[in-house]
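Novice: Mind having a look at this structure? Questions to follow.
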Amino acid sequence: MDLIVCVGESCHLNGSEEVVRCFQRLLADPEFADRVTLKGSFCVGKCSSAGEVTIRLAEEYFFTRYRNAEACFRDQIRPRLDALLAAG
């Protein structure tokens, strides 16, 4: 399963590099090994003018500021990942 962080110009300027580093650390959990792949995309087509970074998981989009990346993962992405992985 792919977790995609936009690294296009707008998201890069809004801290996508820090979001990627945070997600790399969180996805190092053995529970995700070989099950979730973190990828970058130059544009996911959901540019936000609110200073946020766009993240895509399956067909869902999530938006976060880099300083809130861990909370976004914990509160929004992790529950969705768990449900998708459980469903197979």
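The values are calculated or read from the model by the stated rules, or taken from the named source; none is laboratory data. Model, not experiment: these values are computed from the prediction. For neighbour counting, all protein chains shown are included, and Cβ atoms are generated from backbone atoms with ideal geometry for every residue, glycine included. Heads up: the accessible areas ignore ligands, DNA and RNA and are worked out on the full protein's heavy atoms, side chains in. Shrake-Rupley method; radii C 1.70, N 1.55, O 1.52, S 1.80 Å.
Novice: Quick one: in the stretch 79-88, which of the residues that are of a type outside the set (Lys, Arg) and part of a helix (DSSP H, G or I) is least open to solvent (accessible area, probe 1.4 Å)?
Specialist: Applying the filter and picking the extreme gives Leu81.
Novice: Determine which member of the set Gly8, Gly15 is on the phi > 0 side of the Ramachandran plot and at pLDDT below 95. Spell out how you get there, then give the answer.
Specialist: On the way: Gly8 fails: on the phi > 0 side of the Ramachandran plot.
None of the other options fit; the residue is Gly15.
Novice: So if I check each of Glu52, Glu60, which one is loosely packed, with under 12 Cβ neighbours inside 10 Å, in contact with a Lys or Arg (Cβ under 7 Å, 6 or more places away or on another chain) and not aromatic (Phe, Trp, Tyr)?
Specialist: Numbers: Glu52 fails: loosely packed, with under 12 Cβ neighbours inside 10 Å.
Checking each option against the conditions leaves just Glu60.
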